[in-house]
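Notes for the one structure printed next.
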Amino acid sequence: MATRTELLEILSNGENSGVEFKRDDISAQDLAKELVAFSNFEGGTVLLGVEDDGRVSGLIRNNLEEWVMNVCRDKIRPSIIPFFEIVSDVKDNQDVAIIRVTRGYDVHALWHNHTNKYLIRVGSGSREASNEELARLFQRRGLIRAEWQPVSGAALADFDPKRLRDYFSNLRQQNVPIDEDTEAWKLLLLNTEIMVEESASVGGMLLFGLMPNRFLPHAGIDAVAYAGTEQDYNAVEHVKLRGPITPILGQEGKILENGLVEQALNFIKRNTCAVTEKDGGRRIERSTYPDDALREVIVNALIHRDYLLTNTDVVLAVYSDRLEIISPGRLPNGITPEGMRFGARATRNELLKDVMRDYRYLEHMGMGIPRKVIKGMREHNNTEPDLIELDERFLVRLFA
């Protein structure tokens, strides 16, 4: 329940990403538009009986609550049940209605003229979502998977046969077709989501492609090392790490050919110095960061990033006092940085996760962040890693 004082404070602050002012003579279509945009964002509140400038004009509509509920049922697909409240005598004997919706588990649409229109909240306004924004919205709700999408122009010949054979025969212990039996290989890859019809899937190309970046230019890591604590045009090293995510393994799991994870680890090692410490009368050296923590944050960045964001790589930045890895995209399916600290689990890219788990890069219980990163950094140098969501990016920061 909102008090008159709280409501007056909201009115004085004006409209924003979570608050919209509307007169009570608003049409059903316009009210549905605002509620859909809020539900497709992070939730929000429409205040009825308020002018755009925050002046209270009051309520005039009869049976207002019933009308609002009918709008949410008839004009929104899937329908929404909002919170509704009327605050009396807010100003000059005028009442204000509060209509509040939470972040939807579905993607909602305005239903008008027998057509669905998908809307999103941008700043203090609501607008129709672009095709890319809509695809990402469905993905965040777990309704589509980018890794399932076919890669235009990428066929069976664009996979690395050594990596495929290594994965299926050595890790999964399966009988695999001979190289010349292309139909049998297609059947195997179709049934494991590595191909979609006649094309490579996005996930399959990322994992096993000969040259993934030929088809997916954003499939890599932009790695840079700086001499000091700030970004500098004269970087110590700046390189684009490219290639499939998976390695090729030999006997007893020995890596014969690096994947993206090992490329990133090698970049970090050659751009960080061992730390010398005294242990009693002995001098011992330890790495700047524990290997398990590094491997976990790199793997997470690659498998959980949003591959619908096609204009940016994962970014790996090494400074003299810290390491940062930035993964494109919001956290998936309602996961928060705080939840990650306690082992909350949600996956954007199931195929990538499952295959990398087969390679033993991942904890089976989803406890990599609490165990390997947070606990690992505390034991290594008594520091606490940062986990920060930045609009359409997720940042993990480890301290030297």
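Among the numbered criteria (1) surrounded by fewer than 18 Cβ atoms within 10 Å (Cβ to Cβ); (2) assigned to a loop (DSSP other than H, G, I, E, B); (3) small (Gly, Ala, Ser), which single criterion is violated by residue 184?
(2)
Evaluate the following for residue 227: is it under 24 Å from residue 260 (Cα atoms), among the aliphatic types (A, V, I, L, M) and open to solvent by less than 10 Å² (accessible area, probe 1.4 Å)?
For residue 227, the condition - under 24 Å from residue 260 (Cα atoms), among the aliphatic types (A, V, I, L, M) and open to solvent by less than 10 Å² (accessible area, probe 1.4 Å) - is not met.
Do any residues in the range 1-17 that are closer than 12 Å to residue 90 by Cα and touching a residue at least 40 places away in the same chain (Cβ under 8 Å) have Cβ atoms under 9 Å from those of residues that are open to solvent by 60 Å² or more (accessible area, probe 1.4 Å) and in a helix (DSSP H, G or I), where the two are at least six apart or on different chains, and which pairs are they?
Taking only residues 6 or more apart or on different chains, the pairs are 2/10.
Taking the range 89-126, which residues are over 16 Å from residue 54 (Cα atoms), touching a strand residue (DSSP E or B) at 6+ places or on another chain (Cβ under 6 Å) and of a type in the set (Ser, Thr, Tyr)?
Result: 102, 118, 126.
Looking at the range 53-67 only, could you name the residues that are within 21 Å of residue 17 (Cα to Cα) and either in contact (Cβ under 8 Å) with a residue 40 or more places away in the chain or in contact with a strand residue (DSSP E or B) (Cβ under 6 Å, 6 or more places away or on another chain) (or both)?
54, 56 - these are the residues of the range 53-67 that are within 21 Å of residue 17 (Cα to Cα) and either in contact (Cβ under 8 Å) with a residue 40 or more places away in the chain or in contact with a strand residue (DSSP E or B) (Cβ under 6 Å, 6 or more places away or on another chain) (or both).
Consider the range 230-257. How many of its residues are surrounded by 14 or more Cβ atoms within 10 Å (Cβ to Cβ), within 29 Å of residue 355 (Cβ to Cβ) and among the β-branched types (Val, Ile, Thr)?
4
Would you check if there is a residue in the range 124-133 being buried (at least 18 other Cβ atoms within 10 Å of the Cβ) and more than 30 Å from residue 247 (Cα to Cα)?
Yes, because at least one residue in the range 124-133 is buried (at least 18 other Cβ atoms within 10 Å of the Cβ) and more than 30 Å from residue 247 (Cα to Cα).
Out of 374, 335, 388, 325, report the one residue that is modelled with pLDDT of 90 or more, under 30 Å from residue 193 (Cβ atoms) and either open to solvent by less than 60 Å² (accessible area, probe 1.4 Å) or not in a loop (DSSP other than H, G, I, E, B) (or both).
Going through 374, 335, 388, 325 in turn, the sole match is 325.
With respect to residue 141, determine if the residue is among the basic types (Lys, Arg), within 17 Å of the chain's Cα centre (by Cα) and surrounded by fewer than 21 Cβ atoms within 10 Å (Cβ to Cβ).
So residue 141 fits the description; yes.
Determine whether the range 168-178 contains at least one residue that is modelled with pLDDT under 90 and of a type in the set (Val, Ile, Thr).
no
The values are calculated or read from the model by the stated rules, or taken from the named source; none is laboratory data. Worth saying up front: this structure is predicted, and the values here are computed from it rather than measured. Every residue, glycine among them, receives a Cβ derived from its backbone with ideal geometry; neighbour counts consider all protein chains shown. Accessible surface areas use protein heavy atoms only, side chains included; no ligands, DNA or RNA. Shrake-Rupley method; radii C 1.70, N 1.55, O 1.52, S 1.80 Å.
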